[in-house]
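J.: Have a look at this one.
Any read-out appearing in this document is the output of simple, stated calculations on the displayed coordinates, not a laboratory observation. Only a predicted model underlies this, so the values are computations on that prediction, with no experimental measurement involved. Using ideal geometry, Cβ is built from the backbone for each residue, glycine included, and neighbour counts are taken over all protein chains shown.
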Amino acid sequence: MSRWQPDARGRLAQAAMELYGERGFEQTTVAEIATRAGLTERTFFRHFADKREVLFEGAAVLQARLVEGVVTAPEDAAPIEVVAAALRSIAPIFAERRPFARQRRAIIAANPDLQERELIKLAALAAAVTTALHDRGVGEPEASLAAEAGIAVFRVGFERWVAAPHDGPALDEVMGELFRSLAAVVGEAGAG
């Protein structure tokens, strides 16, 4: 085994994604991932708590950047505008990752346990945004509504962005369109 080659974490992640795509998530073992990467199982567990973490390792970074986007949004912005600005601030993370995002989405869609984990991740993002809005002085129910609506826009926008051609609109453009649609829907609800 070539244990001393650089980027063990990247090689393990690439091997895992290849095997999940070829064999399915459930049928892939950590031993197979390590072997494909030319590493040991022990090395795998130094980098990932379990084989699910390959798919969810970026969640903490995403959450931190999203909260930072809330914190740095203009002071006079309405809560939903703050959330929209925060979501725009994370869009560049995904700019060159559409092929990976497609592969990840297909793996998660094929496994109910991974779907549940994805929903937990989204709920954690909404909770973090709600807390960040509270820290800005936004009360309830406004903070929760803005955070949940924003995460809904992110989820729907991400699905549309992943499904679009490689040269399709950027994620921030897709989310911008969805925020405009949300404003129209909310405007209709208020008119009734």
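J.: Using θ = phi - 60° and the Karplus form 6.51 cos²θ - 1.76 cosθ + 1.60, what ³J(HN,Hα) does each residue of the range 98-112 get, whole Hz, x for Gly and Pro?
T.: Couplings: 4, x, 5, 4, 4, 4, 4, 4, 5, 5, 5, 4, 8, 9, x Hz.
J.: Another question, if that's okay. Suppose a student asked you for the relative contact order of the chain, using Cα pairs under 8 Å spaced at least 6 residues apart; what percent would you report? Display every interim value, and only then the final one.
T.: Values: 167 pairs, mean separation 36.4, N = 192.
Value for the chain: 19 percent.
J.: Work out how much length Asp167 to Gln115 would gain on full extension: take 0.36 nm times their residue separation and subtract the Cα-Cα distance, in nm to one decimal. Kindly include the intermediate steps, with their values, before the conclusion.
T.: Values: separation 52, 0.36 × 52 = 18.72 nm, distance 2.71 nm.
Extra length from Asp167 to Gln115 when fully extended: 16.0 nm.
J.: How many angstrom lie between the C-alpha centres of the range 140-158 and the range 1-77?
T.: Answer, in whole Å: 27.
J.: Could you give the length gained on full extension between Glu53 and Glu22, defined as 0.36 nm per residue of separation minus the Cα-Cα distance, in nm? Before the final figure, lay out each step's value.
T.: Working: separation 31, 0.36 × 31 = 11.16 nm, distance 1.83 nm.
Answer, rounded to one decimal: 9.3 nm.
J.: Could you give P(r) for the range 87-192, binned at 5 Å from zero, as whole percent values over all Cα-Cα pairs?
T.: Each 5 Å bin holds this share of Cα pairs: 2, 12, 17, 21, 21, 15, 8, 4, 0.
J.: How much length is gained on full extension from Thr35 to Arg136, taking 0.36 nm per residue of separation minus their Cα-Cα distance?
T.: Values: separation 101, 0.36 × 101 = 36.36 nm, distance 4.86 nm.
Contour length minus Cα-Cα distance gives 31.5 nm.
J.: Describe numerically, in nm with one decimal, the distance between label points set 7 Å from Cα along Cα→Cβ at Val71 and at Gln14.
T.: With each label placed 7 Å out from Cα toward Cβ, I get 3.4 nm.
J.: Then there's this: From the helices alone, meaning DSSP H stretches of at least four residues, give me the mean residue ellipticity at 222 nm for the chain, per-run term -39500 (n - 2.57), in deg cm²/dmol to the nearest 500.
T.: Numbers: 10 runs with 143 residues, N = 192.
Computed mean residue ellipticity for the chain: -24000 deg cm²/dmol.
J.: Something else about it: Under unit Cβ charges (Lys, Arg +1; Asp, Glu -1), what dipole magnitude, rounded to 20 debye, does the chain have relative to its Cα centre? Before the final figure, lay out the partial values.
T.: On the way: 22 positive and 27 negative charges, 183 e Å.
It comes to approximately 880 debye.
J.: Express in % the proportion of alpha carbon pairs of the range 1-113 at distances exceeding 24 Å.
T.: Details: 2528 of 6328 pairs.
Here the long-distance tail beyond 24 Å is 40 percent of all Cα pairs in the range 1-113.
J.: Please give the per residue volume of the convex hull enclosing the alpha carbon atoms of the chain, rounded to a whole number of Å³.
T.: Details: hull volume 26.3 nm³, N = 192.
With only Cα atoms used, the chain gives 137 Å³ per residue.
J.: Kindly put Val162, Val30 in sequence by how many other C-beta atoms sit within 10 Å of each C-beta, fewest to most. Could the numbers behind the result be given before it?
T.: Working: Val162 21, Val30 16.
Sorted ascending by nearby Cβ count, the order is Val30, Val162.
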